[in-house]
1. Rank these for me by crowding, Trp333, Trp299, going from fewest to most other beta carbons within 10 Å.
2. Residue-wise, which Karplus ³J(HN,Hα) couplings in Hz belong to the stretch 365-371, taking 6.51 cos²θ - 1.76 cosθ + 1.60, θ = phi - 60°, and x for glycine or proline?
3. Looking at the chain as a GNM with Cα springs under 10 Å, which of Ser82, Ser221, Ser50 has the largest mean-square fluctuation?
4. For the chain, what does the relative contact order come out to in percent, with C-alpha contacts under 8 Å and a separation of six or more?
5. Work out how far the C-alpha atoms of the chain reach from end to end along every principal axis, then list the three figures in whole Å, largest first.
6. Per-residue HN-Hα couplings for the stretch 336-351, Karplus 6.51 cos²θ - 1.76 cosθ + 1.60 at θ = phi - 60°, whole Hz, x for Gly and Pro?
7. Within the chain, which is the longest segment containing none of the trypsin sites (Lys or Arg not before Pro) that sit in a DSSP loop and have at most 15 other Cβ atoms within 10 Å?
8. Starting with the fewest neighbours, write out Thr24, Thr193 ranked by other beta-carbon atoms found within 10 Å of each beta-carbon.
Amino acid sequence: MKNIKLSLVAIGTLSMLSCLNANTLSEALTNGKVSGELKSQFYQKESNTSKTVNIWTNGLNLSYDTADYNGLTAGVTFQAASVAREDLDENLTAYNADQNVSGSVLSQAYIQYKIDNTNIKVGRQYLSSPLIASSGSRIFKESFEAATLTNTDIKDTSISLMYVKKYQGRTDGNEGAPSFDRLGDGVFSIYATNKSIKNLSLAAQYVNAKNLLANNTKDVSIYYLNGEYDFNIFKLGAQYYGSDDNGAANNDGNAYALKASTKLGDLSLAASYSEVSKDGGVDAWHLGNGADYIYTWSWYAGSRYSADMKATKLEAGYKFTDKLSANIMNISWKTGTSSTTRETDFIVDYKASKDLSLRLLHGQLDNAGNEYQSRLYASYKF
């Protein structure tokens, strides 16, 4: 019922705008674009106690975007999913947080206005930034209810202001579709990128959230800096994360990371290192699962932001053809009080056609909750 009400609100808003100039806006509506995606995902994992589970979920994304009307546009995106098959006898709740979901949700419903170099967007929308980001790695892509303003008046510079009120996750935790839940008293952020110096890319973001958790006790400020310089034959990158957090967890800390990468023809290589302060971790990954930009991230086993954590990552990739590529990454991490955990991820991507793509992910883990995890993705976009 909630989705129906929101759909009516979006339609009503467009109808109201049409009264301003029915002929022109009517043309903008009829010249709008419909796009979508059919996707199928199979997940399987074995725990370190030899419990094996798997699930197969199918999904649909359907979007409509109006044509431009004097700088004004609007859009909606509908997501739906259904579990086709499951084998969860050994762990009934294994995928309740991400893939064991059937239902639908209106994930985007926004109005957007662009004038000169300023873009304003209000409503349900996908966000992509280092500290606030929608993840699309599961059957339902995460979304936010937010107001954003982006300006590019300064040459080679983008500055974005964000106010985020609600967050839509991957499921409701009980095999149902996700809903939009309040983020405490709201989240404010400023995000800037700059490329004014040749070969140098800079990014910075600040986030301030009030009463973020359900118990209304957590105010948090998060800081992010990233710099990358391209020497042509190789690239060097450096990152900084910091947070001030009054929640129960000790997340008043800092994290630093370095990355070196190069490309030799169709072969790509990279090495990364990260380190977190001993006296506190960093609260840098709660505003969307896509907000995990630290260089030493991995596909499966947790984040790299715990206090006193040191991590290394080695990567290699090869492009066999325009359609086929493969990557391997090995990540290891530990704290002063824990033994080393390792993860090796294998990724194969195949683009069968312009619209159809396939991806196979397999992760082998050592000293983690699972022995291995595998995923198979199929996506057809139209």
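1. Sorted ascending by nearby Cβ count, the order is Trp299, Trp333.
2. 10, 10, 6, 10, x, 10, 6
3. Sorting by GNM fluctuation, first place goes to Ser50.
4. The normalised contact order for the chain reaches 12 percent.
5. Principal-axis extents of the chain (Cα, largest first): 66, 52, 52 Å.
6. Residue by residue, the stretch 336-351 yields x, 10, 10, 7, 6, 10, 10, 9, 10, 10, 10, 10, 10, 10, 9, 9 Hz.
7. Segment 52-154 is the longest.
8. Placing the least packed residue first, the sequence is Thr24, Thr193.
Computed from the coordinates by the stated procedures, all read-outs in this text should not be read as laboratory data. These numbers come from a predicted model, not from an experiment. Don't worry about glycine lacking a Cβ; one is built from the backbone with ideal geometry, like all the others, and counts go over all protein chains shown.
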